[in-house]
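Encoded as structure tokens, here's the structure I'll be asking about.
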Amino acid sequence: MVRCTLILLFFIMFVPGVIASSIKDLINEQSKISPNISISIKNITKNKIIVSHRNKARMTPASNQKILTTLTGLEFLGPKYKFPTHIYFIDSIDDSGVY
């Protein structure tokens, strides 16, 4: 998760135009489902807003980390990605499935 966050932050810092248009596309797509979206992304080094959408709207605060993680996952893994789950067991299991 830290790696994805760092990658996204890298792109936000060095490719603001591309990221801004990608985020705007995601916002427009999500706005069709739920109009209650508000976001503001600011480059604090340049004191410049990169993307804003209804940034003056009063909303109940959401977890920005969840938003960042979700957008990063969608961007890099795609919406159909499924995390593999591996279960390891060190012992023996009898025929009934009980160990």
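What follows is calculated from the coordinates using simple rules that are stated; it is not laboratory data. Every value quoted in this text rests on a predicted model; they were computed, and no experiment measured them. So basically every Cβ, Gly included, is an ideal-geometry build from the backbone, and we count neighbours across all protein chains shown.
Name every residue in segment 45-76 that is closer than 17 Å to GLN30 by Cβ, under 16 Å from the mean Cα position of the chain (by Cα) and not hydroxyl-bearing (Ser, Thr, Tyr), in order of residue number.
VAL51, ALA62, ASN64, LYS66, ILE67, LEU68, LEU71, GLY73, LEU74, GLU75, listed by residue number.
Restricting to segment 19-38, and then to whatever is of a type in the set (A, V, I, L, M) and in a helix (DSSP H, G or I), can you tell me which residue is surrounded by the fewest Cβ atoms within 10 Å (Cβ to Cβ)? Spell out how you get there, then give the answer.
In the first step, residues of segment 19-38 are kept if they are of a type in the set (A, V, I, L, M); the result is 19-20, 23, 26-27, 33, 37.
Remaining after also requiring in a helix (DSSP H, G or I): 19-20, 23, 26-27, 33.
Working: ILE19: 20, ALA20: 16, ILE23: 19, LEU26: 17, ILE27: 17, ILE33: 8.
Top of the filtered list is ILE33.
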